[in-house]
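What follows is one structure encoded as structure tokens, with my remarks underneath.
The values are calculated or read from the model by the stated rules, or taken from the named source; none is laboratory data. Here the structure is a predicted model, which means the values were calculated and not measured. Cβ coordinates were reconstructed from backbone atoms using ideal geometry, including for glycine residues, and neighbour counts include every protein chain displayed. With ligands, DNA and RNA removed, areas are computed over all heavy atoms of the protein, side chains included. Shrake-Rupley method; radii C 1.70, N 1.55, O 1.52, S 1.80 Å.
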Amino acid sequence: FYFCVITLIALLFSLALSSAYSHENFLQCLYNYPENTTSISSVVYTQTNSSYSSVLDVSIQNLRFFNATSKPVVIVTPIVVSHIQATIICSQRHGMQIRTRSGGHDYEGLSYVAGVPFVVLNLVKFREIEIDVENSTAWIQTGVTLGELYYTISQKSKTLGFPAGVCPTVGVGGHISGGGYGFMIRKYGLAADHVIDAKIVDVNGNLHDKKTMGDDLFWAIRGGGGASFGVVLAWKIKLVSVPSTVTVFRVSRTLEENVTGIIQQWQRRANKLNESL
């Protein structure tokens, strides 16, 4: 019995030392990554950093994850592509998994919880938007929120829009890579249906666009979960035509007011209505 206990303690101690050693090596790998064009040290947050908790918790919407025991060893908030490449390469070398956050929120906690040592790659600082009104396109970085995208489009044109979700604080990176549905789905389909190009860093740290990533990967990141295949940095989207004036209305009914009958009538007639509704 005592031998088993001592053996168990020794094993746990060995694992703890190995984990700490791996974490330290991971950090050294980040700091020494030769391709970094800008110092990465200012955007790395370890658990001993005073800003660690605020950076981790800032966009958590599901309160049960505030006290999660599974927390990232390191949070990286890259400002240049080489920071992302370094995180990917060093994570592979030193046994870390990566959880990618696109700057919005995540009710399931998949972007900041794991059962193994992991790193959060928070792309909140990748938030540039370039609108091309003449060609009805836009390049949007993955840390942009839907609200920021809609507002920027509205400042450039009153007759262009983008079919995506209704919650303004959702990040476009996770939204588009998961498909992305919203109010305009009947007329224009999913947000992912309007992606015409993308920039992604693959598992080997290589930067690709649509042409170099290939058709299969380009298909997969549009609705199959972008973080499963690499880190999407930006999307090029096709904007759609919208009326300069839009009417929005809400009708509330209770069970006592025959709401089920209304739903049945809607189901029978909705496919015959104008798709702009």
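Compute, for Val166, the solvent-accessible surface of its heavy atoms (probe 1.4 Å) with the complete set of protein chains present, and express it in square angstrom to the nearest 10.
90
Looking at region 170-241 from every direction and averaging, what is the projected area of its Cα convex hull in nm²? Don't skip to the answer; put the middle values down first.
On the way: hull surface 19.0 nm².
Computed as one quarter of the Cα hull surface, the answer is 4.7 nm².
Regarding region 104-263, what's the average projected area of the Cα-atom convex hull, expressed in nm²? Walk me through the numbers before you get to the answer.
Details: hull surface 49.4 nm².
Hull-based average projected area comes out at 12.3 nm².
At a probe radius of 1.4 Å, what is the per-residue accessible area of Asp215, in Å² to the nearest 10?
Counting only protein heavy atoms, the figure is 120 Å².
So which helices of the chain fit the span-like rule, where a helix is a whole DSSP H run, its Cα atoms reach 20 Å or more along the axis, and its mean Kyte-Doolittle is at least 0.5? Before the final figure, lay out each step's value.
Details: long enough: 2-32 (44 Å, 1.08).
For the chain, where a helix must reach 20 Å along its axis and average at least 0.5, the hits are 2-32.
Output needed: percent of Cα pairs per 5 Å distance bin for region 121-191, bins running from 0 to the one holding the longest distance.
Binned Cα distances yield the sequence 4, 17, 28, 27, 18, 5, 1, 0.
Please compute the per residue accessible area over the chain with all protein chains in place, 1.4 Å probe, rounded to a whole number of Å².
Values: 16070 Å² over 277 residues.
Averaged over the residues of the chain, the accessible area is 58 Å².
If I ignore ligands, DNA and RNA and count only protein heavy atoms, how much of Cys90 is accessible to a 1.4 Å probe, in Å² to the nearest 10?
0
With n ≥ 4 as the cut-off for DSSP H runs, can you work out [θ] at 222 nm for the chain, using -39500 (n - 2.57) per run divided by the number of residues, rounded to the nearest 500?
On the way: 9 runs with 92 residues, N = 277.
After summing the helix terms and dividing by residue count, I get -10000 deg cm²/dmol.
What stretch of the chain, leaving out the sites themselves, is the longest with no GluC sites (Glu not before Pro) in a DSSP loop having at most 13 other Cβ atoms within 10 Å?
Values: sites that count: Glu35, Glu108, Glu128, Glu134, Glu275.
Counting at most 13 other Cβ atoms within 10 Å as exposed, the longest clean stretch of the chain is 135-274.
Return the carbon/sulfur percentage of the accessible area of the chain, one whole number, probe 1.4 Å, all protein chains in place. Could the numbers behind the result be given before it?
On the way: 9030 of 16070 Å².
Percent of accessible area from carbon and sulfur atoms in the chain: 56.
So if each residue of separation counts as 0.36 nm, and I subtract the Cα-Cα distance between Arg269 and Tyr150, what length gain in nm does that give?
Numbers: separation 119, 0.36 × 119 = 42.84 nm, distance 3.06 nm.
Residue separation times 0.36 nm, minus the Cα-Cα distance, leaves 39.8 nm.
The chain: longest stretch without exposed chymotrypsin sites (Phe, Trp or Tyr not before Pro) (DSSP loop, at most 12 other Cβ within 10 Å), sites themselves excluded? Walk me through the numbers on the way to the answer.
Numbers: sites that count: Phe1, Phe66, Tyr107, Phe249.
Result, exposed sites excluded: 108-248.
Please give the per residue volume of the convex hull enclosing the alpha carbon atoms of the chain, rounded to a whole number of Å³. List each step's numbers first, then the result.
Working: hull volume 56.5 nm³, N = 277.
Once divided by residue count, the hull of the chain is 204 Å³.
Contour minus end-to-end for Asn32 and Thr169, with contour as 0.36 nm per residue of separation and end-to-end as the Cα-Cα distance?
On the way: separation 137, 0.36 × 137 = 49.32 nm, distance 3.50 nm.
Once the chain is fully extended between Asn32 and Thr169, it gains 45.8 nm.
Calculate, for Ser70 and Val259, the FRET efficiency according to 1/(1 + (r/R0)^6) with r their C-beta to C-beta distance and R0 35 Å; round to the nearest 0.05.
Values: r = 42 Å, r/R0 = 1.19.
With a Förster radius of 35 Å, E is 0.25.
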